[in-house]
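For reference, the structure is listed below as structure tokens.
The values are calculated or read from the model by the stated rules, or taken from the named source; none is laboratory data. All of these numbers come straight from a predicted model, not from anything done at the bench. Here the Cβ positions follow ideal geometry from the backbone for every residue, glycine too, while neighbour counts run over all protein chains shown. Just the protein is used for accessible areas: all its heavy atoms, side chains included, with ligands, DNA and RNA removed. Shrake-Rupley method; radii C 1.70, N 1.55, O 1.52, S 1.80 Å.
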Amino acid sequence: MTRPQTPRLREMRWWDIDPVLELEKDLFPEDAWSRGMFWSELAHSRGPEATRRYIVAVEGDRIVGYAGLAAQGDLGDIQTIAVARERWGTGLGGRLLTELLRAATAFECAEVMLECRVDNVRAQKLYERFGFEAIGFRRGYYQPGNVDALVMRLTTTPDGDFAPGSPSVRGTEING
């Protein structure tokens, strides 16, 4: 029996959009992002004025996860994290989240926010392990299903690291 390969993380590029869309539609059929939304995000992810960081997890030649962060001033906003169903429970979601927090540190964000479907308890538990705290709701945020979003926040400690509960995010694991 062969051991499963550990997915490699790398920067998302335009040629990744179609395979990411396939995964997006499988995981979020009611509220999947469009091709244009991914193009728009990637347009802001390169160069000296970049305000986005998008990464993919690649296993062999297949994308098995992706994640993105937007930064504005000292606020980071996790836009998306997704992991292929067969990779759930393997720690890949935590690796992707760690990379987004590293990006937030590089962007000098003092806090990171996110919205999570209220019915996605698995994701909420991941965020809580990293120290995110629920701070409110956005009613009917996910359309067309009219599902509420739980708003969560993580703030940095005085030394600029994210805490409590989050692993150190000072180093870098992937290449840009």
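Coupling constants for region 51-66 follow from the phi torsions by the Karplus curve (6.51 cos²θ - 1.76 cosθ + 1.60, θ = phi - 60°), and in residue order they are 10, 10, 9, 10, 10, 10, 9, 10, 10, x, 10, 10, 7, 10, x, 7 Hz; glycine and proline get x.
Rolling a 1.4 Å probe over the protein heavy atoms gives the chain an accessible area of 54 Å² per residue. Calculated on the alpha-carbon coordinates, the convex hull of region 1-67 measures out at 91 cubic angstrom per residue.
Across the chain, Cα pairs under 8 Å and at least six residues apart give a relative contact order of 19 percent. A prolate overall shape is assigned to region 61-117, the ratio a/c of its alpha-carbon gyration tensor axes (a ≥ b ≥ c) being 1.5 or greater and a/b exceeding b/c. A value for Cα extents along the principal axes in Å was derived from the coordinates, and within the list [x] 48, 41, 31; [y] 39, 34, 34; [z] 44, 38, 38 it appears as [z]. Which residues make up the longest stretch of the chain that has no GluC sites (Glu not before Pro) in a DSSP loop with at most 13 other Cβ atoms within 10 Å? It works out to 109-172. Fully extending the segment from A43 to K25 would add 4.3 nm, taking 0.36 nm per residue of separation and subtracting the current Cα-Cα distance.
Can you pull the percent of the chain's accessible area that's carbon plus sulfur, 1.4 Å probe, other chains left in place?
Answer for the chain: carbon and sulfur cover 50 percent of the accessible area.
Its residue count N fixes a reference of 2.2 N^0.38 Å for region 87-150, and the Cα radius of gyration divided by that reference is 1.21. Rounded to whole numbers, the Karplus 3J(HN,Hα) couplings from phi for region 105-111 are 4, 4, 7, 6, 6, 8, 8 Hz, using 6.51 cos²θ - 1.76 cosθ + 1.60 with θ = phi - 60°, and x at Gly and Pro. Heavy-atom accessible area with a 1.4 Å probe sorts W14, W33, largest first, into W14, W33.
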